[in-house]
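Have a look at the structure below before the remarks.
The values are calculated or read from the model by the stated rules, or taken from the named source; none is laboratory data. Model, not experiment: these values are computed from the prediction. Please note: Cβ atoms are built from the backbone with ideal geometry, for glycine as well, and neighbour counts cover all protein chains shown.
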Amino acid sequence: MQERHLFEYAVIRVVPRVEREEFLNVGVILLCSSQGFLQIRYTLNEKRLRAAFGDLDMEELRARLQAFEKVCAGRREGGPIGQLGTASRFRWLTANRSTIVQTSAVHPGRCLNPQETLDKLHRDLVL
């Protein structure tokens, strides 16, 4: 029998007008500490985003999400936050913020394979 691993995830949301609290889910970030796994998966459906938020700066949005990827990767490209341990990087990425890219509350679960779980969450919550 395969061992199940504790994981935590948050949904990544685009919130162009914070004061209106309107958002679209664009990605998921998943941490599985026991496996040393921290990854983000996102999809920018430009047609859908433009329909909801016509004046959205897509290049700025891409840059912010790419910064999330760099922090997840945990290398120098992720800056000082990218140098922290896996769990600390996840906590930093999922902290409450009032910017165009926000995350949901953190949710726990158990999985056999964190990559497959990330893919499934992405499919179910974003696509």
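The residue that is surrounded by the most Cβ atoms within 10 Å (Cβ to Cβ), counting only those in the range 1-22 that are at pLDDT below 95, under 18 Å from residue 101 (Cβ atoms) and not hydrophobic (A, V, I, L, M, F, W, C), is 16. Of everything listed in (1) of a type in the set (Gly, Ala, Ser); (2) within 12 Å of residue 12 (Cα to Cα); (3) touching a residue at least 40 places away in the same chain (Cβ under 8 Å), the single unmet condition for residue 95 is (3).
Residues of the range 31-57 that are surrounded by 12 or more Cβ atoms within 10 Å (Cβ to Cβ) and aliphatic (A, V, I, L, M): 31, 38, 40, 44, 49, 52, 56.
Within the bounds of the range 62-73, is there any residue that is surrounded by fewer than 16 Cβ atoms within 10 Å (Cβ to Cβ), β-branched (Val, Ile, Thr), modelled with pLDDT of 95 or more and not in a strand (DSSP E or B)? No - not one qualifying residue is present in the range 62-73. Residues that are over 15 Å from residue 67 (Cβ atoms) and not in a loop (DSSP other than H, G, I, E, B) within the range 80-97 comprise 86, 87, 88, 91, listed in sequence order.
A quick yes/no check of all residues on (1) in contact with a strand residue (DSSP E or B) (Cβ under 7 Å, 6 or more places away or on another chain); (2) without any contact (Cβ under 8 Å) to a residue 60 or more places away in the chain:
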{"residue": "27", "(1), (2)": "yes, no"}
{"residue": "43", "(1), (2)": "yes, no"}
{"residue": "46", "(1), (2)": "no, yes"}
{"residue": "52", "(1), (2)": "yes, yes"}
{"residue": "58", "(1), (2)": "no, yes"}
{"residue": "70", "(1), (2)": "no, yes"}
{"residue": "76", "(1), (2)": "no, yes"}
{"residue": "79", "(1), (2)": "no, yes"}
{"residue": "83", "(1), (2)": "no, yes"}
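Mind listing just one residue for me: the one in the range 30-59 that is among the charged types (D, E, K, R) and more than 16 Å from the chain's Cα centre (by Cα) and, of those, farthest from residue 108 (Cα to Cα)? Per the stated criteria, the residue is 55.
Could you tell me which residue of the range 99-123 is modelled with the lowest pLDDT, considering only residues that are among the hydroxyl-bearing types (Ser, Thr, Tyr) and more than 15 Å from residue 39 (Cα to Cα)?
Applying the first criterion (among the hydroxyl-bearing types (Ser, Thr, Tyr)) to the range 99-123 yields 99, 103-104, 117.
If we keep only those that are more than 15 Å from residue 39 (Cα to Cα) too, we end up with 99, 104.
Details: 99: 87, 104: 97.
Looking at the filtered set, the residue picked out is 99.
For the range 98-127, enumerate the residues that are closer than 15 Å to residue 28 by Cα, assigned to a loop (DSSP other than H, G, I, E, B) and not polar (S, T, N, Q). Give the steps one after another, and end with the answer.
Pass one, the range 98-127, residues closer than 15 Å to residue 28 by Cα: 101-109, 114-127.
Add one more test, that the residue is assigned to a loop (DSSP other than H, G, I, E, B), and what stays is 104-106, 126-127.
Within the range 98-127, 105, 106, 126, 127 qualify.
One residue stands out in the range 74-107 among those that are of a type in the set (Gly, Ala, Ser) and surrounded by 14 or more Cβ atoms within 10 Å (Cβ to Cβ): the one that is nearest to residue 22 (Cα to Cα), namely 104.
Residues in the range 6-33 that are touching a helix residue (DSSP H, G or I) at 6+ places or on another chain (Cβ under 9 Å) and not in a loop (DSSP other than H, G, I, E, B): 18 in all.
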